[in-house]
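Below: one structure, written as structure tokens.
The values are calculated or read from the model by the stated rules, or taken from the named source; none is laboratory data. Remember, it's a predicted structure, so these values are computed and weren't measured experimentally. Don't worry about glycine lacking a Cβ; one is built from the backbone with ideal geometry, like all the others, and counts go over all protein chains shown. Side chains included, ligands, DNA and RNA excluded: accessible areas come from the protein's heavy atoms. Shrake-Rupley method; radii C 1.70, N 1.55, O 1.52, S 1.80 Å.
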Amino acid sequence: MSKPLTDQEKRKQISVRGLAGVENVADLKTNFNRHLHFTLVKDRNVATKRDYYFALAHTVRDHLVGRWIRTQQHYYEKDPKRVYYLSLEFYIGRTLQNTMVNLALENACDEAIYQLGLDMEELQDMEEDAGLGNGGLGRLAACFLDSMATLGLAAYGYGIRYEFGIFNQKIVNGWQVEEADDWLRYGNPWEKARPEYMRPVHFYGRVEHHPDGVKWVDTQVVLALPYDTPVPGYRNNIVNTMRLWSAKAPCEFHLKDFNVGGYIQAVLDKNLAENISRVLYPNDNFFEGKELRLKQEYFVVAATLQDIIRRFKASKFGSTEVVRMDLTTLPDKNIQHNLCPSFVCFVQVAIQLNDTHPAMAIPELMRILVDDEKLSWDTAWDIIVRTCAYTNHTVLPEALERWPVDLFKNLLPRHLEIIYEINRRHLERISALYPGDHDRLRRMSLIEEDGQKKINMAHLCIVGSHAVNGVAQIHSNIIKDTVFKDFYDVDPQKFQNKTNGITPRRWLVMCNPGLAEVIAERIGEDYIRDLSQLKNLLKFVDDDAFIRDIAKVKQESKMKFAMHLEEQYKVKINPHSMFDVHVKRIHEYKRQLLNCLHIIALYNRIKKEPNKAWTPRTIMIGGKAAPGYHTAKMIIKLITAIGEVVNNDSVVGDRLKVIFLENYRVTLAEKVIPAADLSEQISTAGTEASGTGNMKFMLNGALTIGTMDGANVEMAEEAGEENLFIFGMRVKDVEALDKKGYDAMEYYNRIPELKQVMDQISGGFFSPGEPDQFKDIVKMLMHHDRFKVFADYEDYIKCQEKVSALYKNTKEWTKMVIHNIAGCGKFSSDRTIAQYAREIWDMEPSLEKIAAPDDPQRISID
């Protein structure tokens, strides 16, 4: 394999990475050495790679801090409406390179590090991923933070600072093994603890009703300690804040218990309180009703709302005397305030709930307004509905949160009372609209009464919000037509669509600078801020030089990733084979099993006709399975077992390789996505809410094989359906098959190739030492497959044949790639956030660049 250019050699020529001015480089080297000196002076003289990484991170952070302070000062002076994005997950990945990109420091830092005799990529590899999310939902939140800063919105991300993020996945003998992700082990240079803003959070206790109001008493207190991480916009000098809460035990112990045993136990019990922020729950699209999880959800909400109200009350427009105390203007913009008649009050609040996980914001804000601030119920409820908005991320019934009432009664007794009262008033309204329709009341209640009483958190979110959105057009339609139809019938004006997007900074400029530059050479660099400009590439679709450049960049990415795979997996792969990539969480609905059936069928065909000119493929599948999800773990074992057989068959050779990508995470996505030729997006129609990996592959020059599900539908609209490999049932076909009854045996008996594949799996061909190893998978596929893998099998195989045929024609394949890249404009998270801002938050995005912080006034960052 010929060695590709090093990144240092290629990147020096890339303009989108910023200019490397001589003075800038000299300053960076000076600051780097200063930070390195202070790192080493503590305890040793010899620097490690990690020391160099921390010195570089602190050097880059220096460029952030002035802008961070200036931004908060700017917000303080302008007093804009603020938006608070509440999410239990922020899947950030690494921060160093993204910060360099957004501050236009990348080439200067590259040059400085090179002149110091160090390797930039080696230093970047010392950074731990901040894996504070499971998959799409958490990564979406991270993209949104980038876009909110880039669009100049006064935005704050609020979540939990998990001590242990998503587990590290090891594959041992073909099985997934989980290891704790101790990402903070060496410290985190990007965060700043803010103990001055520590807040108490209450649990348990009891409720007392008095003539002057309600009191929640005898509670257990946990302290919420905030850690702030700067979020830079793209080259606009704006730096917003992500504030993550860490749980701390309060210091006061019960002195009466202080005999020796009691004292020791009291100190040890601190752990119980601090367990709240210990670990991210590793479930994706699955609800696990554990008390600790409910504690996490309430913890982040209670701490955040105290912070929001503190900031709201402290905000003033050029006035040091007046502190805003009246909360009735919380959601409003440009309202003349009765406590500050001399000026217009701008600081108001929008709260976006990222799925139902932060749903407790609704009863908690109600408790604050009614119990603490003494507002009337109607006034408080009006504020809440105008302030809150809810994003739904799934229609899978097993993913919807339904908390047992008994758990609430014990943990959050006052909130249970408030939810009951919200429900009483809600059902009163429904009853007036539909007299005597008791079935509708049962369906729409916040409390489910079948068997164990449960609180339906999605219903709470819909009733307590002024806007409810799905995350792709097809998903938003399904919500209105089926899952939440009753609510849509009553309040159609609440329901909206906000198709997801991805940030082009991380997912193009940072991870694929070669492609970013080839595009910039044709249409300029402004597309990085306005991705809709990619449509201007259509005029180059027949330009031979452009076609060659696009193909060359892809081949370089493939060579680089092939080297990475050989180092990691000791599997020699053909860099000229088609890289067929299927990376996402392992779940039955995402149908990694359909991909497995195709691999085995293709293997059988090659074995049957070894002399035929097959299109060589390297099939890569990656993703984590929830630790308690047996079927998902069996799917991983099946993939690795298929790989063992295929990769060691000399007849097949390098025409087919199967690799399971261990420990798929943000950083691995940044490597594999630029190298992919084919993107697998093959969920059963109507199950994937949107998907965002699909958009990342499209932007990076892969073609999509997919069903008409999630955002695939809109990708086909934007690029032209003829430029994607669309196959399989549509939603209406799935519904028709449900009505008729899905019979897997009918397909098994009718399609000889499918029968052969299934017989190989069930007969032990891939598990000779344990022939019935995959009996659970076989049984599921044959008898209770909710996601109808066999129903799409034939069409999928035919579609894959079309893929193989086109791949042989490099020019036509690349022209199709260009159509796809040109159709990506809609899928920027900048577009998504601009729509949230204008249509839900009543805020106006701005591309204004604020002044650089040459000599910033010292002011507290709040």
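Among V731, V65, H598, whose Cα sits farthest toward the positive end of the charge dipole of the chain (+1 at Cβ of Lys/Arg, -1 at Cβ of Asp/Glu, about the Cα centre)?
Working it through, the farthest residue towards the positive pole turns out to be H598.
Sequence gap of 8 or more, or different chains, plus Cα separation below 29 Å: how many lysine pairs satisfy both in segment 192-306?
16
About the Cα centre, and with charges only on the beta carbon of Lys, Arg (+1) and Asp, Glu (-1), how big is the dipole of segment 573-821? Nearest 20 debye, please.
So the dipole magnitude of segment 573-821 works out to roughly 400 debye.
So what does log10 I(q)/I(0) come out to for the chain at q = 0.06, 0.09 Å⁻¹, using the Debye formula with one equal point on every Cα and no solvent?
Values returned for q = 0.06, 0.09 Å⁻¹ are -0.41, -0.96.
Using alpha carbon centroids, what distance separates segment 649-669 and segment 564-582, in Å?
6
Which whole-Hz couplings ³J(HN,Hα) result when phi for each residue of segment 211-220 is put into the Karplus expression 6.51 cos²θ - 1.76 cosθ + 1.60, θ = phi - 60°, listed in order with x for Gly and Pro?
Taking θ as phi minus 60°, the curve returns x, 8, x, 10, 10, 9, 10, 6, 8, 9 Hz for segment 211-220.
With +1 on the Cβ of every Lys and Arg and -1 on the Cβ of every Asp and Glu, and nothing else charged, how large is the dipole of the chain about its Cα centre, in debye rounded to the nearest 20?
620
5 Å is the cut-off here: which amide hydrogens, built 1.01 Å from N in the peptide plane, fall below it relative to R617, excluding neighbours closer than 5 in sequence?
M578, L656, K657
P(r) of segment 521-657 in 5 Å steps, Cα pairs, percent per bin?
Each 5 Å bin holds this share of Cα pairs: 2, 8, 14, 16, 14, 14, 12, 10, 7, 3, 0.
Tell me which of V789, L703, N647 sits at the most positive position along the dipole axis of segment 573-821, charges placed on C-beta atoms (Lys, Arg +1; Asp, Glu -1).
N647
Rounded, prolate or oblate: which fits segment 402-450 when a ≥ b ≥ c are the square roots of the eigenvalues of the alpha-carbon gyration tensor, with rounded for a/c under 1.5 and prolate only if a/b beats b/c?
Oblate shape, in that a/c is at least 1.5 and b/c is the bigger or equal ratio.
Express in whole angstrom the spacing between the alpha-carbon centres of segment 720-755 and segment 209-237.
49
Using the Karplus equation 6.51 cos²θ - 1.76 cosθ + 1.60 (θ = phi - 60°), what ³J(HN,Hα) coupling, rounded to whole Hz, does each residue of segment 437-449 give in order, writing x for Gly and Pro?
Using θ = phi - 60°, the values come out as 8, 5, 5, 5, 4, 4, 5, 9, 4, 6, 10, 8, 9 Hz.
Search the structure for amide H atoms under 5 Å from the amide H of V83, placed 1.01 Å from N in the peptide plane, and list their residues when 5 or more places away or on another chain.
A154, A155, Y156, A350
Pick out, from A55, V583, G823, the residue whose Cα sits farthest towards the positive end of the charge dipole of the chain, with +1 on the Cβ of Lys and Arg and -1 on the Cβ of Asp and Glu.
Final value for the positive-end residue is A55.
Within segment 573-821, what whole-number % of the accessible surface is contributed by carbon and sulfur, with the 1.4 Å probe and all protein chains included in the calculation?
Accessible surface attributable to carbon and sulfur in segment 573-821 totals 50 percent.
Once you order the gyration tensor axes a ≥ b ≥ c over the Cα atoms, which shape class does segment 573-821 get: rounded for a/c under 1.5, otherwise prolate or oblate by comparing a/b with b/c?
rounded
Take K808, K270 and sort them by solvent-accessible surface of the protein heavy atoms, 1.4 Å probe, largest at the top.
K808, K270
Once amide H atoms are placed 1.01 Å from N in the peptide plane, what residues at a sequence separation of 5 or more from F495, or on another chain, have their amide H within under 5 Å of its amide H?
Long-range HN contacts for F495: V468.
Nearest 500 deg cm²/dmol is fine: what mean residue ellipticity at 222 nm does the chain get from its DSSP H runs of n ≥ 4 alone, each adding -39,500 (n - 2.57), divided by its residue count?
-13500 deg cm²/dmol
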